[in-house]
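*Asks:* There's a structure below that I have some questions on.
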Amino acid sequence: MAKPYLRRGFVDSAADEWAAACEEHGPDASALAGLAAVAVIRDERGDAELFARAAQELEPSHAGAARVLERLGL
């Protein structure tokens, strides 16, 4: 449900869904990349980089994490 929430502008709900997924099932690259995208929207650059890099540690070729890092100029 997190991606549809984010697409519709419900940033907090998307973040809640991704955070809950990490809490319930452990961190996963897609959830971490989603949290990175939320951090970009919130202009929390440090958190965005942290989440995106963590996603890449789990899945080095994760496209969403790469997009966040590119948007940050990293």
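The values are calculated or read from the model by the stated rules, or taken from the named source; none is laboratory data. Just so we're clear, the structure is a prediction, and the values are computed from it rather than from any experiment. Positions of Cβ are generated from backbone atoms using ideal geometry, with glycine treated the same way; all protein chains shown enter the neighbour counts. Ligands, DNA and RNA are stripped out before the accessible areas are found, and what is left, the full protein with its side chains, is counted by its heavy atoms. Shrake-Rupley method; radii C 1.70, N 1.55, O 1.52, S 1.80 Å.
*Asks:* Can you tell which of 70, 59 is at pLDDT 95 or above, open to solvent by 100 Å² or more (accessible area, probe 1.4 Å) and of a type in the set (Asp, Glu)?
*Replies:* Result: 70 is the single residue among 70, 59 that is at pLDDT 95 or above, open to solvent by 100 Å² or more (accessible area, probe 1.4 Å) and of a type in the set (Asp, Glu).
*Asks:* Going by the structure shown, is residue 20 closer than 19 Å to residue 6 by Cα, free of Cβ contacts under 8 Å to residues at least 40 places away in the same chain and surrounded by 15 or more Cβ atoms within 10 Å (Cβ to Cβ)? Before the answer, list the steps.
*Replies:* Numbers: closer than 19 Å to residue 6 by Cα: yes; free of Cβ contacts under 8 Å to residues at least 40 places away in the same chain: yes; surrounded by 15 or more Cβ atoms within 10 Å (Cβ to Cβ): no.
Criteria not met by residue 20.
*Asks:* What is the residue count in the range 40-62 for residues that are at negative phi and either free of Cβ contacts under 8 Å to residues at least 24 places away in the same chain or among the hydroxyl-bearing types (Ser, Thr, Tyr) (or both)?
*Replies:* Initial filter on the range 40-62 (at negative phi): 40-42, 44-62.
Okay, now just the ones that are also either free of Cβ contacts under 8 Å to residues at least 24 places away in the same chain or among the hydroxyl-bearing types (Ser, Thr, Tyr) (or both), so 44, 46-47, 50-53, 57, 60-61.
Residues in the range 40-62 being at negative phi and either free of Cβ contacts under 8 Å to residues at least 24 places away in the same chain or among the hydroxyl-bearing types (Ser, Thr, Tyr) (or both): 10 in total.
*Asks:* Next up: Kindly indicate whether residue 37 is in contact with a helix residue (DSSP H, G or I) (Cβ under 7 Å, 6 or more places away or on another chain) and closer than 18 Å to residue 1 by Cβ.
*Replies:* Criteria met by residue 37.
*Asks:* Answer with yes or no whether residue 49 is among the charged types (D, E, K, R) and closer than 20 Å to residue 13 by Cβ. Give the derivation first.
*Replies:* On the way: among the charged types (D, E, K, R): yes; closer than 20 Å to residue 13 by Cβ: no.
Taking the combined requirement at face value, the residue does not satisfy it.
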